[in-house]
Amino acid sequence: MTGHDGAPGAPGEVTGGRLVLVGNAIVDLVMRVPALPERGGDIVSSDTALTTGGGFNVLTAARRLGLRAVYAGAHGTGPFGDRVRADLARADIEVLLPPLAEADTGFCVAFVDGGGERTFATSLGAEARLTGTDAAAVLAALRPGDMVQISGYGLAYPDNGPVLAALVARLPEHVRVFLDPGPLVDQIPKEVLEPVLARCDWVSCNQREGRLLTGRDDAREAAAALAARLGPRTGVLLRADAAGCWLVPPGGEAGHIPGRRVTAVDSNGAGDAHAGAFLALLGHGLDLDTAVRGANAAAAFAVTRHGPATGPTPGELLDFLGGEPPAARLSSVLRR
């Protein structure tokens with residue numbers, strides 16, 4: 001990482017750039033059900049919890065591994081907005097923009113079935129009302145070495161999409177741009193998605209999103225096709241759940257990085273844990289192979305815990321890896 005603001009870092013703290021997430025931190029109403037009800041039916045939840053989610057999961061995963069984090073998305077006034085800001089503060093995540101006075105932050109109902117899979121329904125709020133003035137504030141706040149994370153959710157929102165596309169096009173070259181296309185990728189207008197893809201340094205997606213972007217069902221073929229579409233300056237991570245992920249370094253070939261088999265209890269936030277850990281480990285200056293293996297382990301750890309923001313701390317990640325080869329390299333930076 002380049003750049004340094006002069007502030008001393010704690011052990012394991014990245015002292016250069018930050019993760020700046022121009023996304024959506026919202027409230028999740030998580031309901032655990034044996035299975036989704038049939039159309040017109042009903043089912044009783046065995047457990048219900050109200051948590052902060054969305055982009056908060058990525059920020060938290062990165063912050064726990066020592067990367068300083070900034071929430072640069074919109075947020076509202078009201079009980080949900082208050083909750084999001086309180087949770088961001090507890091996680092030591094900076095909030096960049098002032099709250100929007102006329103709307104509360106939105107929320108999402110997440111159904112987690114007996115197999116750990118999740119299904120969502122979202123009600124939009126202030127986070128979907130990003131303005132050009134907000135984008136200008138984000139641009140002015142960026143520092144050398146910062147990494148900007150963009151979510152496909154924001155790109156799909158009618159107000160946010162054009163604002164984010166224009167912002168990404170204006171980002172200085174010293175800022176690395178990361179895109180998670182998200183499940184709404186097929187609903188992002190072409191005129192919004194294409195300029196973002198053209199500027200990205202990394203795209204991280206799951207298999208469904210890779211298929212929507214490339215038309216390829218095979219994970220390796222989808223990763224290679226997406227890399228070819230993006231060009232030699234952009235890297236690709238195609239997450240394949242327990243099978244790990246396919247990595248295409250900028251200008252390189254697709255290679256498989258194996259995952260870990262665990263008993264999943266909740267897959268909600270696994271992709272976010274992977275993304276946040278990958279960004280944090282890159283921020284520590286680790287090589288790509290180690291960063292991706294660490295991210296695979298962080299995602300595997302996350303699905304063994306209930307809740308969306310369940311990325312590991314350094315100690316939890318190293319204990320989870322045990323004596324595996326990446327552990328020694330990770331330990332040298334996470335416990336220095």
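The values are calculated or read from the model by the stated rules, or taken from the named source; none is laboratory data. Bear in mind the structure is a predicted one, so any value in this text is a computation, not a measurement. Using ideal geometry, Cβ is built from the backbone for each residue, glycine included, and neighbour counts are taken over all protein chains shown. All accessible areas refer to the heavy atoms of the entire protein, side chains included, with ligands and DNA or RNA removed. Shrake-Rupley method; radii C 1.70, N 1.55, O 1.52, S 1.80 Å.
Where Rh is the Kirkwood radius over the Cα pairs of the range 46-180, the temperature 4 °C and the viscosity 1.567 mPa s, what D in µm²/s does Stokes-Einstein return?
It comes out at roughly 82 µm²/s.
Which residue, Asn24, Thr60, Leu100, has the largest displacement toward the positive end of the dipole of the chain when charges sit on each Cβ (Lys, Arg +1; Asp, Glu -1)?
The Cα lying farthest towards the positive end belongs to Thr60.
Where Rh is the Kirkwood radius over the Cα pairs of the range 117-218, the temperature 25 °C and the viscosity 0.890 mPa s, what D in µm²/s does Stokes-Einstein return?
The calculation lands on 171 µm²/s.
Per residue, how much space in cubic angstrom lies within the convex hull of the C-alpha atoms of the range 190-336?
Convex hull volume per residue, Cα atoms: 109 Å³.
Among Phe111, Phe301, Phe178, determine the one that fluctuates most according to a GNM of the chain built with springs between C-alpha atoms less than 10 Å apart.
Maximum among the listed residues: Phe111.
Have a look at Val70, Val109, Val44 and tell me which one the Gaussian network model of the chain (Cα, springs below 10 Å) gives the largest fluctuation.
Answer for the Gaussian network model of the chain: Val44.
Run the Debye formula on the Cα coordinates of the range 126-181, all scatterers equal and no solvent, and tell me log10 I(q)/I(0) at q = 0.30 1/Å.
-1.35
Using only the Cα atoms of the range 269-336, what are the Rg and Dmax in Å?
Cα only, the range 269-336: 10.7, 30 Å (Rg, Dmax).
With charges set only on the Cβ (+1 for Lys and Arg, -1 for Asp and Glu), what does the dipole of the range 43-147 come to about its Cα centre, in debye to the nearest 20?
Dipole about the Cα centre, nearest 20: 300 debye.
Any chance you could get the radius of gyration and Dmax over the Cα atoms of the range 220-263, in Å?
Taking only Cα atoms of the range 220-263, I get Rg and Dmax of 10.9, 37 Å.
Give the residue from His256, Leu288, Pro312 lying farthest towards the positive end of the charge dipole for the range 227-336; charges sit on Cβ (+1 for Lys and Arg, -1 for Asp and Glu) and the dipole is referred to the Cα centre.
About the Cα centre, the residue reaching furthest to the positive side is Leu288.
Rounded to the nearest 20 debye, what is the charge dipole size of the range 126-269 about its Cα centre when +1 sits on each Lys and Arg Cβ and -1 on each Asp and Glu Cβ?
It works out to roughly 260 debye.
Treat the chain as a sphere of radius equal to its Kirkwood radius over Cα pairs and apply Stokes-Einstein at 10 °C in a medium of 1.306 mPa s; give the translational diffusion coefficient in µm²/s, rounded to a whole number.
80
Considering Cα pairs under 8 angstrom that are at least six residues apart, work out the relative contact order of the chain and quote it in whole percent.
17
Quick one: putting +1 on the C-beta of Lys and Arg, -1 on the C-beta of Asp and Glu, what dipole do you get for the chain around its Cα centre, in Debye to the nearest 20?
About 640 debye.
Could you tell me what percent of the DSSP beta bridges with both partners in the chain are antiparallel, to the nearest 5?
Looking only at bridges with both residues in the chain, the antiparallel portion is about 45 percent.
Per residue, how many Å² of accessible area does the chain show with a 1.4 Å probe?
Per-residue value: 41 Å².
Before rounding to the nearest 500, sum -39500 (n - 2.57) across all DSSP H runs of length at least 4 in the chain and divide by the residue total; then give [θ] at 222 nm in deg cm²/dmol.
-11000 deg cm²/dmol
Given His75, Leu330, Ala89, which one lies farthest toward the positive end of the charge dipole of the chain, if we put +1 on the Cβ of every Lys and Arg and -1 on the Cβ of every Asp and Glu?
Leu330
With a cap of 13 neighbouring Cβ atoms within 10 Å, and only residues DSSP puts in a loop, list the trypsin sites (Lys or Arg not before Pro) found in the range 36-91.
Within the range 36-91, the qualifying trypsin sites (Lys or Arg not before Pro) (loop, at most 13 other Cβ atoms within 10 Å) are Arg39.
Taking only Cα atoms and a 10 Å spring cutoff, compute GNM fluctuations for the chain and point out the largest among Gly78, Gly66, Gly182.
Gly78
Evaluate the Kirkwood expression for the hydrodynamic radius of the range 240-306, namely the inverse of the mean inverse distance over all pairs of different C-alpha atoms, and round to one decimal in Å.
Here the Kirkwood hydrodynamic radius works out to 12.0 Å.
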